[in-house]
Ligand SMILES: [Ca+2]
Ligand SMILES: [Ca+2]
């Protein structure tokens, strides 16, 4: 028997992805074909994912950030990204709604996945974000954001919590939605010259 169809996208996953993303069936099949070509094993490993990030950020150290992003996309926590997780991530980052993006940001910051964000977790992500900023751009940062610790303090300040408090998802999303600066500080955006 021929096995040409053995790597076809299953109907079940296809239906689920059509429901959860804005991609059409044709687009999903095209993505799947590309995914199979680039990733014959059908699973993206953390190392492969880090390499993708390194290509995007050749001037900086993207590894730590890539590891956090990987964790946030690996929803079934099996240590790899399958096609479904990959497409959901792709959809969310390219065309997801603001609220969906902020839910994802929450999962990025919730490093231990316990449903709360602590200040230590904010510091952890700020360290990773900081490594994405090219060294030559770091002197251009505002004085109160020019170290990972300062960035984390400033960001945490917008949530109006004490250092030992923790944030639930709603509080995180509200804090970020209400403060333009908090919105800016939760991710890396290149500094305009
Ligand atoms: Ca997975
Ligand atoms: Ca947590």
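We did not get these values from a lab; they are worked out from the coordinates using the rules stated. Keep in mind that what you see is a predicted model, and the values were worked out from it rather than measured. Glycine also receives a Cβ, built like all others from the backbone with ideal geometry; neighbour counts cover every protein chain displayed.
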When all Cα-Cα pair distances of segment 98-193 are considered, the percent exceeding 24 Å is 16
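Given that compact globular proteins tend to follow 2.2 N^0.38 Å, what is the ratio of the alpha-carbon Rg of segment 137-178 to that value?
Scaled against compact globular proteins, the figure is 1.32.
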Contact order relative to length of the chain, as percent, for alpha carbon pairs under 8 angstrom and 6 or more apart: 18
Could you tell me the center-to-center distance, by alpha carbons, between segment 61-106 and segment 28-58 in angstrom? 13
Taking the Cβ-Cβ separation of residue 43 and residue 22 as r and a Förster radius of 22 Å, what is the calculated FRET efficiency to the nearest 0.05? 0.35
Helix 148-157 against the longest principal axis of the chain: what's the angle in degrees, Cα atoms only, rounded to the nearest 10? 80
Which value, in Å to one decimal place, does the Kirkwood hydrodynamic radius take for segment 12-96 when every pair of different Cα atoms is included? 13.5
First obtain the Kirkwood hydrodynamic radius of the chain from its Cα pairs, then insert it into the Stokes-Einstein equation at 10 °C and 1.306 mPa s, and state the resulting D in µm² per second as a whole number. 87
For the pair residue 13 and residue 163, what calculated FRET efficiency results from E = 1/(1 + (r/R0)^6), where r is the Cβ-Cβ distance and R0 = 35 Å, to the nearest 0.05? 0.20
